[in-house]
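*Asks:* After the structure tokens below, expect a handful of questions from me.
The values are calculated or read from the model by the stated rules, or taken from the named source; none is laboratory data. As the structure is a prediction and not an experimental result, all values here were calculated from the model. Note that each Cβ is placed from the backbone with ideal geometry, even for glycine, and that neighbours are counted across all protein chains shown. Only protein heavy atoms, including side chains, enter the accessible area calculation; ligands, DNA and RNA are left aside. Shrake-Rupley method; radii C 1.70, N 1.55, O 1.52, S 1.80 Å.
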Amino acid sequence: MPRHVAIIMDGNGRWAKQQGLARMFGHRQGVDTVHKITEHATRLGIEYLTLYAFSTENWNRPKEEVDALMALLVDTIKKETPTLMKNNVKLMTIGGLDRLPEETRRKMEECVEETSVNTGLNLVLALSYSSRWEITRTVQELARRVKDGEIRVQDIDEQTVSDTLTTRGIPDPDLLIRTSGELRISNFLLWQLAYAELYFTPCLWPDFTEEEFDKAIMDYQGRERRFGKTSEQVNKGYRL
Ligand code: IPE
Ligand code: IPE
Ligand code: MG
């Protein structure tokens with residue numbers, strides 16, 4: 001079982017269009033999928049589920065859509081907090097939360113605080129997140145520490161970088177799923193996905209089901225993760 005699954009939840013707009021509906025219907029339906037997949041991940045005993053909910057670039061969408069998405073976020077958090085508590089899910093966020101409208105940010109922070117006692121699935125919401133934004137502020141922070149004499153340049157290693165990213169403390173994703181048939185990363189977790197297994201499905205996010213999730217997991221389980229080694233090295237353990 002992968003320890004950490006990350007998902008680029010894509011295709012809400014196209015799903016709505018297919019039904020002859022406005023894009024927001026797709027986003028609302030997408031929330032139902034989030035609910036289902038979070039409960040399913042809990043059942044499967046997955047430790048971390050990271051969901052790309054809103055990218056830095058998504059701020060460039062029409063204002064009506066951005067406003068409606070922020071309102072949907074508040075509604076969803078209000079509605080879902082009891083379920084998160086019931087399922088022992090701990091909510092975390094990554095991204096530039098200071099860009100969110102005041103109420104959305106406050107609700108989000110309250111939910112993070114309330115669920116912080118939970119010990120089950122860690123649900124990481126990427127909100128106003130982009131990987132280049134994250135890496136840029138990491139570089140700024142490390143430069144500041146060097147300037148202030150807190151660390152030396154030669155002490156900066158991969159671990160230092162990992163520990164300075166917004167995902168500090170979270171293991172790298174083992175599996176990345178992207179729905180809607182797009183074959184790209186769209187500025188998501190560029191550092192952290194270095195050795196993730198990638199899984200793309202044409203299924204649109206509102207249509208994504210527990211079965212689709214299981215298919216991705218089974219596909220992952222058939223992969224050989226070599227981390228640069230040879231197949232023989234990786235399989236040595238089995239032959240002994
Ligand atoms: C993903 O669905 C949700 C967000 C990015 C907020 P989209 O809104 O990108 O849906 P498509 O890609 O237009 O179908
Ligand atoms: C990526 O989806 C961001 C989220 C799922 C939140 P987009 O729909 O914004 O990505 P592009 O624009 O197709 O690359
Ligand atoms: Mg999209």
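*Asks:* Once label points are set 7 Å from the Cα along Cα→Cβ at both ARG99 and VAL146, what is their separation, rounded to one decimal in nm?
*Replies:* Label at ARG99, label at VAL146, 2.6 nm between them.
*Asks:* May I ask you to list the residues of segment 177-199 whose amide nitrogen lies under 13 Å from a point 7 Å from Cα along the Cα→beta-carbon direction of VAL161?
*Replies:* 190-195
*Asks:* A further question on this structure: Please give every one of the lysines within straight-line cross-link reach of LYS17, meaning a C-alpha to C-alpha distance under 27 Å, and leave out same-chain neighbours fewer than 8 residues apart.
*Replies:* List returned: LYS36, LYS63, LYS79, LYS215.
*Asks:* In square angstrom, what is the accessible area per residue of segment 114-240 with a 1.4 angstrom probe?
*Replies:* In whole numbers, segment 114-240 has 57 Å² accessible per residue.
*Asks:* Is the C-alpha gyration tensor of the chain telling us rounded, prolate or oblate? Criteria: a/c under 1.5 is rounded; beyond that, a/b larger than b/c is prolate, otherwise oblate.
*Replies:* oblate
*Asks:* Using a 1.4 angstrom probe and counting only protein chains, how large is the accessible area of ARG3 in Å², to 10?
*Replies:* So the heavy atoms of ARG3 present about 110 Å² to solvent.
*Asks:* Which whole number of Å³ per residue matches the convex hull of the alpha-carbon atoms in segment 41-91?
*Replies:* About 84 Å³ per residue, rounded to a whole number.
*Asks:* Additional query: If I ignore ligands, DNA and RNA and count only protein heavy atoms, how much of THR42 is accessible to a 1.4 Å probe, in Å² to the nearest 10?
*Replies:* 50 Å²
*Asks:* Taking the Cα of ASP75, stepping 7 Å toward and past its beta carbon, and measuring to each backbone N in segment 1-44: which are under 12 Å?
*Replies:* 24-32
*Asks:* Next question, about the same structure. Quick one: order MET85, MET70, MET9 from most to least accessible surface, probe 1.4 Å.
*Replies:* Result of the area sort, largest leading: MET85, MET9, MET70.
*Asks:* How much length, in nm to one decimal, is gained on full extension between GLU47 and HIS35, taken as 0.36 nm per residue of separation minus their Cα-Cα distance?
*Replies:* So the chain would gain 2.7 nm between GLU47 and HIS35.
*Asks:* Next question, about the same structure. If amide hydrogens are placed 1.01 Å from N in the peptide plane, which non-local residues have theirs closer than 5 Å to the one on THR50?
*Replies:* Under 5 Å from the amide H of THR50 lie the amide H atoms of VAL5, ALA6, ILE7, VAL124, each far enough along the sequence or on another chain.
*Asks:* Out of the GluC sites (Glu not before Pro) in segment 171-240, which ones are loop residues according to DSSP with at most 11 other C-beta atoms within 10 Å?
*Replies:* Passing sites in segment 171-240 are GLU224.
*Asks:* Taking the Cα-to-Cβ direction at SER231 and at ARG168 and moving 7 Å from each Cα, how far apart do the two end points lie in nm?
*Replies:* 4.1 nm
*Asks:* Convert each backbone phi in segment 86-91 into a coupling constant with the Karplus relation 6.51 cos²θ - 1.76 cosθ + 1.60 (shift: θ = phi - 60°), then list the ³J(HN,Hα) values in order as whole Hz, x for Gly and Pro.
*Replies:* 4, 8, 6, 8, 9, 8
*Asks:* Just to check I understand the Karplus step: with θ = phi - 60° and J = 6.51 cos²θ - 1.76 cosθ + 1.60, what whole-Hz values come out for segment 52-57, glycine and proline as x?
*Replies:* Values, residue by residue: 7, 9, 7, 8, 4, 5 Hz.
*Asks:* Could you sort VAL139, VAL74, VAL234 by accessible area so the largest value comes first, with the probe set to 1.4 Å?
*Replies:* Greatest to least solvent exposure: VAL139, VAL234, VAL74.
*Asks:* Now, a different point. Could you work out [θ]222 nm for the chain from helices alone, using -39500 (n - 2.57) per DSSP H run of at least four and dividing by all its residues? Round to the nearest 500 deg cm²/dmol.
*Replies:* Rounded to the nearest 500, it is -15000 deg cm²/dmol.
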